[in-house]
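Engineer: Structure incoming, see below.
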Amino acid sequence: NCSVLMLLAVVKLKVKKASACVLHLEDISFQMGRESRTPLASEPNTAEKRSVQLFDKMEYAQEKEDGLHRNYNDRAYFSSQDLIRDDSQIDFVALLIGGSGRRGAATSAVAKARFTLTHTHLIFSINYERLSQPIRVRFLEPDGTVLFEHPIQQGTVFQDGMICGMWRNLQKASIRLLKVDQMRITLITQTHPAGEVHGQIVKHRALFAETFSAILTSTDPTHLNMGGIAMLTLSDTENNLHFVLVTRGFLASADKKSDRIPLRVQILHQDNVLRQVLANVTLQDPDFAEVLMELGSQEMRWLAQGQLRMTAEVEGGARRKLAGHIAIRRSCDTIQSVLCGANALIPTHTGAVGSAKVVLHENGTWEYQVGVAGTGSEVIGVTLETKPRRRNKRSILYDMTHSYRDGSQLASGRDAHMLLQNELFLNVATKDFEDGELRGQINSMLYNGHLARYQEFPILLAGQFVSPVVHTGSAGHAWVSLDGHCHLHYEIVVAGLGRADDGTVSAHLHGFAELGEIHETSLPEHRRLLRSFYGAEAQGVVKDLDAELLRHLAQGTAFLQVSTKANPQGEIRGKVHIPNQCRAGVLRMASENPEEEPAGVPRPRDPKEWKKDPNTCFFEGQHQPHGSRWAPNYDKKCSICICQKRTVICDPVLCQPLNCSQPVHQSNQCCPVCQEENEEQKRAEKIRDGSEGCYFDGDKTWRRAGTHWHPVVPPFGLIKCAICTCKGTTGEVHCEKVQCPQLACSNPIRVNPSDCCKQCPALEKSSSLLSDMMQADGPRACKFGRQWYMHNEKWHPTVPPFGEMKCITCWCLVSTAGGGGTSTAKFSG
């Protein structure tokens, strides 16, 4: 098999045994991989596809220590694998085309979806070509069962042709499907409610090193349901371009007399062919990997600016051709950096801070903003650098001193590659520290749905802002915002805490973030612990801020503070100003439309009283009073939860079928509505006269006389357990509960969670067979749910939607009485 031509980094992490719940990071060492010198590229006239296994043959040579300045703070450097890849994070990719299944759409659209599974959350970014704006992203099992749907709301699309999203709290079964490449994804559009493009989510070794990409579509508009993606990267030191080409529906119509299919891949600038590769591929091994050796300086500039085009063509028989532009890999992640004194080449402890935010565009331009505060002397230089290799020789790429506050730069292919591989640094020099007072590595933060990252510059956190001033080498920045429900969203990034050679208690990566007033006379109740964290990042949501803190946020007299064991009164701090009109105890800002509040919902009391109520529910880290209804964080628009005596029940909002040709999706509603509003109003006026039908206030729609329907009751959506009838003679709507039929089977099931009535399963065991299992002379058994267990067998029950309950153990205990057999399942927690 052709292996992916990419680069790897080997990270060795030695963790000492933790004591008192405090994590110690003793040593982080690394070995950077180098490109193998074995010739890997095929000559232009090569007729065979060459099996390249760079991943398996890569030699990892540890960098020589000779000539390195040991006083330099080398541990300030982390490779991209250190920063964003560990055992808890796995990358996946999917190529989406049309034509999946019998109802598959015939389309020339192609999409590429990239995923990162981190713990139990799946983060995804999707790029597409020749596709109208999708309205939903749907995840499915192999048999078509829907696992999750992500609605695409207006205002959440950051770039044209790109979708960013997050599936939170995956169940174990879904994670297993992901890891064995058995989950599918489809994009729903207005014209294709069953999905216009589809694909299988798979792991791919090219994803880690990918820095450039291409989506390839058919050059012939009559050739539908085919496409491809290319994942590309540069060698570590030389300008060799490695790529992997993945296609679907492209090779199916080639000449099948031979297993080998002739393939021509070209790299063009405008209409000029720069590189060409000829090879044979097979349907069993369709992915094609190759290396283009020694790109020139002009080719590297064209690569960064998105001016190179890749074409793939099947020769002989029915000729097919795919083409697409190569561009810098698009991502929903945030490129940022915290600059601190502890990470300077010669460490400093001045309490100063630096913060940077970078946006990389497809045309090779990258925009940057750098903020510096707390330095004791004037800033004399801000430079973009690589890791220093030699004594007293800083590797400076660009001098940004005159434009660092808000500037832009046209990057080369090498620059863009290093930026996406977390190999670049920002260095701030001052009059007192000419080699650098502050330094930080530029790296990517995974998308998490916090929009403040993209709209605002972060709040600077520094020891100089603490009272009294703390002369620390650590620093940080944070994004803090209030949403429409007056919930506080925060995200904090710190750097310089816990150096292994400090020999102080600050080596413990143990801190907490606190929100409070700037005045030192603040009462304790006006401070709020946000979250403890054992690393460089902390994020979360606070839903019950008191009135004083909300007022201080509005006035700009609040602060965000990070404290450590060495500085329990605060090590770094920053001022927070969020204009708002929130009131304490109200879970949303004052609504301009009172009808938005569901009738009958108990008014929220003091959150402190909720904890004392034995009927209160605890869900997503928050207490909810009995009888309350709310939209959960995982799906604020299309799900409704209710608290019923310590039990939380969450249901999706079901949308009614519309009687119109052009439904419209509104940004503040889950379900589509009809566009013909004027016509609806005219019909409603007739209905109120009682001459044509009935007007139902629940969903504010008219119905013809004699019609039957399931009602829509906001905010719960479609109610399938009720049937309404329009009585044309009186114009009244009569609704009654659905009467479910009696079933003959012993184990009825609900096929879909939204169904009102249960059904008999397709493969139900006969009652005589069940009776035989209970009364036979052989081993006895118990039935729990839909599973049988033998006598004395133990298991952990599975409780939807929470999955396997590890804290509960069930066991089968069979007893006999009067010659008859009875089976009992007992459990204990």
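The values are calculated or read from the model by the stated rules, or taken from the named source; none is laboratory data. What you see is a predicted model, and the numbers here were worked out from it, not measured in a lab. Positions of Cβ are backbone-derived with ideal geometry, glycine not excepted, and every protein chain shown enters the neighbour counts. The area values use the complete protein model at the heavy-atom level, side chains included, leaving out ligands, DNA and RNA. Shrake-Rupley method; radii C 1.70, N 1.55, O 1.52, S 1.80 Å.
Engineer: Taking region 120-143, which residues are closer than 15 Å to ALA105 by Cβ and either part of a loop (DSSP other than H, G, I, E, B) or not assigned by the TED database to the domain that holds ARG168 (or both)?
Structural biologist: ARG130, LEU131, SER132, PRO134, ILE135 - these are the residues of region 120-143 that are closer than 15 Å to ALA105 by Cβ and either part of a loop (DSSP other than H, G, I, E, B) or not assigned by the TED database to the domain that holds ARG168 (or both).
Engineer: Do we find that PRO602 is farther than 23 Å from LEU482 by Cα, modelled with pLDDT of 80 or more, open to solvent by 50 Å² or more (accessible area, probe 1.4 Å) and not in a strand (DSSP E or B) in this structure?
Structural biologist: On the way: farther than 23 Å from LEU482 by Cα: yes; modelled with pLDDT of 80 or more: no; open to solvent by 50 Å² or more (accessible area, probe 1.4 Å): yes; not in a strand (DSSP E or B): yes.
It is false that PRO602 is farther than 23 Å from LEU482 by Cα, modelled with pLDDT of 80 or more, open to solvent by 50 Å² or more (accessible area, probe 1.4 Å) and not in a strand (DSSP E or B).
Engineer: Can ILE229 be described as among the aliphatic types (A, V, I, L, M) and assigned to a strand (DSSP E or B)? Before you say what the answer is, go through the steps one by one.
Structural biologist: On the way: among the aliphatic types (A, V, I, L, M): yes; assigned to a strand (DSSP E or B): yes.
It is true that ILE229 is among the aliphatic types (A, V, I, L, M) and assigned to a strand (DSSP E or B).
Engineer: Only strands (runs of 3 or more DSSP E) wholly contained in region 636-703 count here; list those with 1 or more residues that are loosely packed, with under 15 Cβ neighbours inside 10 Å and at pLDDT 70 or above. Give the steps one after another, and end with the answer.
Structural biologist: Numbers: elements: 639-644, 647-652, 693-696.
So the answer is 639-644, 647-652.
Engineer: Being in a strand (DSSP E or B) and open to solvent by 60 Å² or more (accessible area, probe 1.4 Å) narrows it down to one of GLN190, GLN200, so name that one. Lay out the reasoning, then the answer.
Structural biologist: On the way: GLN190 fails: in a strand (DSSP E or B).
After applying the criteria, what remains is GLN200.
Engineer: Return the only residue of ASP160, ASP143, ASP220 being more than 30 Å from ILE267 (Cβ to Cβ), loosely packed, with under 15 Cβ neighbours inside 10 Å and of a type in the set (D, E, K, R). Break it down into steps so the answer makes sense when it comes.
Structural biologist: Values: ASP160 fails: more than 30 Å from ILE267 (Cβ to Cβ); ASP220 fails: more than 30 Å from ILE267 (Cβ to Cβ).
Just a single option satisfies the conditions, and that option is ASP143.
Engineer: Sort out for me the strands (runs of 3 or more DSSP E) sitting completely within region 448-556 that have 1 or more residues that are modelled with pLDDT under 85, open to solvent by less than 20 Å² (accessible area, probe 1.4 Å) and of a type outside the set (Ser, Thr, Tyr). Spell out how you get there, then give the answer.
Structural biologist: Details: elements: 459-461, 475-482, 488-495, 511-517, 528-533, 537-542.
Result: 511-517, 528-533, 537-542.
Engineer: Hey, CYS745 hits all of (1) farther than 26 Å from ILE649 by Cα; (2) part of a loop (DSSP other than H, G, I, E, B); (3) open to solvent by 50 Å² or more (accessible area, probe 1.4 Å); (4) modelled with pLDDT of 75 or more but one; which does it fall short on?
Structural biologist: Condition not satisfied by CYS745: (3).
Engineer: I've got another one for you. Report every pair of residues separated by at least 6 positions or lying on different chains whose Cβ atoms are under 6 Å apart, first residue within region 303-322 and assigned by the TED database to the domain that holds THR222, second β-branched (Val, Ile, Thr) and in a loop (DSSP other than H, G, I, E, B).
Structural biologist: LYS321/THR219
Engineer: Also, quick follow-up: Residues in region 207-217 that are farther than 30 Å from GLN89 by Cα and open to solvent by less than 10 Å² (accessible area, probe 1.4 Å): how many? Before you say what the answer is, go through the steps one by one.
Structural biologist: Filtering region 207-217 down to residues farther than 30 Å from GLN89 by Cα leaves 217.
Next, from what is left, pick out any that are open to solvent by less than 10 Å² (accessible area, probe 1.4 Å): none.
Residues meeting the conditions: 0.
Engineer: Please verify whether region 250-257 includes one or more residues that are closer than 18 Å to THR217 by Cβ, touching a residue at least 24 places away in the same chain (Cβ under 8 Å), open to solvent by 10 Å² or more (accessible area, probe 1.4 Å) and within 31 Å of the chain's Cα centre (by Cα).
Structural biologist: No, that holds for no residue.
Engineer: From (1) of a type in the set (D, E, K, R); (2) surrounded by fewer than 17 Cβ atoms within 10 Å (Cβ to Cβ); (3) at pLDDT 85 or above, pick out the condition that doesn't hold for GLU571.
Structural biologist: Every condition holds for GLU571 apart from (2).
Engineer: Name the residues in region 178-203 that are in contact with a Phe, Trp or Tyr (Cβ under 9 Å, 6 or more places away or on another chain) and among the aliphatic types (A, V, I, L, M), would you?
Structural biologist: Correct list: LEU178, MET183, ILE185, LEU187, VAL197, ILE201, VAL202.
Engineer: Please state which one of ASP259, ASP236, ASP271 is acidic (Asp, Glu) and farther than 24 Å from ARG329 by Cα.
Structural biologist: On the way: ASP236 fails: farther than 24 Å from ARG329 by Cα; ASP271 fails: farther than 24 Å from ARG329 by Cα.
The unique qualifying residue is ASP259.
Engineer: Do we have VAL713 as closer than 24 Å to ALA631 by Cβ and either at pLDDT 65 or above or crowded, with 17+ Cβ neighbours inside 10 Å (or both) here? It would help to see each step written out before you state the result.
Structural biologist: Numbers: closer than 24 Å to ALA631 by Cβ: yes; either at pLDDT 65 or above or crowded, with 17+ Cβ neighbours inside 10 Å (or both): yes.
The answer is yes for VAL713.
Engineer: Let me ask something else. Six or more apart or on different chains, Cβ under 8 Å: which pairs go from a residue in region 345-365 that's over 18 Å from LEU438 (Cα atoms) to one that's open to solvent by 30 Å² or more (accessible area, probe 1.4 Å) and in a strand (DSSP E or B)? Could you list them?
Structural biologist: Qualifying pairs under 8 Å: VAL359/GLU367; HIS361/GLU367; GLY364/LEU410; THR365/SER408; THR365/GLN409; THR365/LEU410.
Engineer: Counting residues that are open to solvent by 70 Å² or more (accessible area, probe 1.4 Å) and among the β-branched types (Val, Ile, Thr), which strands (runs of 3 or more DSSP E) fully inside region 347-394 reach at least 1?
Structural biologist: Numbers: elements: 353-360, 365-373, 379-390.
Once the strands (runs of 3 or more DSSP E) in region 347-394 are filtered for at least 1 residues that are open to solvent by 70 Å² or more (accessible area, probe 1.4 Å) and among the β-branched types (Val, Ile, Thr), what remains is 379-390.
Engineer: Sort out which residues of region 614-630 are without any contact (Cβ under 8 Å) to a residue 40 or more places away in the chain, open to solvent by 30 Å² or more (accessible area, probe 1.4 Å), part of a loop (DSSP other than H, G, I, E, B) and not acidic (Asp, Glu), and write them in order of number. Spell out how you get there, then give the answer.
Structural biologist: Taking region 614-630 first, the residues without any contact (Cβ under 8 Å) to a residue 40 or more places away in the chain are 614-620, 623-628.
Right, trim to open to solvent by 30 Å² or more (accessible area, probe 1.4 Å) and you get 614-615, 618-620, 623, 626.
After this cut, where a residue has to be part of a loop (DSSP other than H, G, I, E, B) as well, the list is 614-615, 620, 626.
The answer is PRO614, ASN615, HIS626.
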